[in-house]
1. Kindly report, to the nearest 10 Å², the accessible surface of K183 as traced by a 1.4 Å probe over protein heavy atoms only.
2. If you take the alpha carbon radius of gyration of region 1-151 and divide it by 2.2 N^0.38 Å, what ratio comes out, to two decimals?
3. Before I look further, what does region 256-325 give for accessible area per residue, probe 1.4 Å, in whole square angstrom?
4. Have a look at W332, A347, A259 and report the one farthest towards the positive end of the charge dipole of region 241-367, computed about the Cα centre with Cβ charges (Lys/Arg +1, Asp/Glu -1).
5. Percent relative contact order of region 293-447, based on C-alpha pairs within less than 8 angstrom and at least six residues apart?
6. Rg and Dmax of region 356-447, using alpha carbons, in Å: what are they?
7. Restricting to DSSP loop positions (anything but H, G, I, E, B) with no more than 16 other Cβ atoms inside 10 Å of their own Cβ, which GluC sites (Glu not before Pro) remain in region 294-394?
8. Can you give me the % of accessible surface on the chain that is carbon or sulfur? Probe 1.4 Å, all protein chains present, nothing else counted.
Amino acid sequence: MSNEFCTPLDITQVERNFGELDPAMSAAEAGVEANRCLFCYDAPCMHACPTHIDVPSFIKKIATDNLRGSARVIFDANPIGATCARVCPVEVLCEGACVEKTLLQKPIEIGRLQRFATDHAMASERPLFEKGESNGRSVGIIGSGPAGLSCAMYLTRLGYDVSVYEKREKPGGLDTYGMAEYKMSQEVSLAEVEQIQKLGVKFRLNTIVSGSGVSDGSTIVFEQLMSLHDAIFVAIGLGSANEMQIPGEKTAGVIDALAFIEKIKTRDWENIPLGRNVVVIGGGNTAVDAATQAKRLGAERVYMAYRRTETEASAYEYEIELAKKDGIELLWESAPTEIGGDDHVSAIKFVKPNGDIVEIACDMVIKAIGQQKMRSFFTDVAKVETDEKGRVIVNGQMQTSDPKIFAGGDCANGGAEAVDAAQMGKLAAQGIHNRLTGETVKFAGNL
Ligand code: SF4
């Protein structure tokens, strides 16, 4: 078995394979599509969006050539509107509601229109929003992913002094490091962060928040954050990859899906580890992302194996269709039992429901079986309550059992879409403002 560790494809071909799945609309296309919208009263698409963007309003503005106004409607309800335009499962959210609740045979392409308007705004130097007049209060946000960015933007608009603590080198969390490259490049995520940074949000990168010790250039102790800020918003996402707990799991050539996707984000194609025959374990969207990207990098055969049935897999139907179109071989009801190979993976065995054992020769195994919850951070460092699954417990205002500490995003909901995290960040900003001033504020889209 050969241990191939780079793409066998010509780099031009790889670049082509990683071109965007849904390319940008031209102005003419956007105009035609916007004018197809029925501008429904009490629009179902708006209800289906977790951040409740006023979709008919932003589409109307595209139809009347007011792109800046359109982008303002979008970012007002969702500070990561450019990311969501690319990565949201629109088929089951806004666009799904559009086709289901109207007489239109084909839904309005809301995602692509949203991208058209937000791209226009991000290409302009003129800011869409202003920092609010300083109210003398400060908030510390741990984590710069979708929830953290969203909370930071709303609070800054209200006049808070906001500092975001991020352990990585670049801001944006999963938007920057975890999205399949053909859905969204790092550039888009970083441009969106820049908009928020320009509002006046301070980012402290390469900074780990710890439970004890001494704060230095790369570490800050949680207690110190508590004394520096009037409120804390914890948006730390999820932890390390779950273990399969089968023999051979530590063999070289077994890699975690998010680590694999992260390497692809560098677009350093010739140095991305890749097997000739790749087996991806899992049935969610990360598994599909890893499998299709391995194939597009040039792996000869890629399998995606899931222990349950196709209908039980959490990947959306359109993602499974994409996997099939890319030639991924789908193995349902296949539970991994053992990984073989001495100094490098050479095969993996699965057990079928009838007890049969199936063995597949491979030189790379990618695990996409979810990530661990951040229970210990919450119980040991922040000292707030978690539920039986290890998620931090929050109320409707995203407040934890310590009234000064708020939390949201994957660490609170166990792992959902970026748009869900953005909405939690918005609710947290409202909750924090209410706690610190006694005033009630409702941001756009909070119905
Ligand atoms: Fe337009 Fe469809 Fe939304 Fe109605 S449901 S406002 S047609 S996008």
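1. 40 Å²
2. Numbers: Rg = 18.7 Å, N = 151, 2.2 N^0.38 = 14.8 Å.
Against the compact-globule rule of thumb, the ratio is 1.27.
3. Per-residue accessible area for region 256-325 comes out at 41 Å².
4. Farthest along the dipole direction, towards plus: A259.
5. 11 percent
6. 18.1, 64
7. In loop regions of region 294-394 (DSSP not H, G, I, E or B), the sparsely surrounded GluC sites (Glu not before Pro) are E300, E333, E385, E388.
8. On the way: 9310 of 19210 Å².
C and S fraction of accessible area: 48 percent.
The values are calculated or read from the model by the stated rules, or taken from the named source; none is laboratory data. Bear in mind the structure is a predicted one, so any value in this text is a computation, not a measurement. When we count neighbours, we look across all protein chains shown, and the Cβ atoms used for this are built from the backbone with ideal geometry, even at glycine. Side chains included, ligands, DNA and RNA excluded: accessible areas come from the protein's heavy atoms. Shrake-Rupley method; radii C 1.70, N 1.55, O 1.52, S 1.80 Å.
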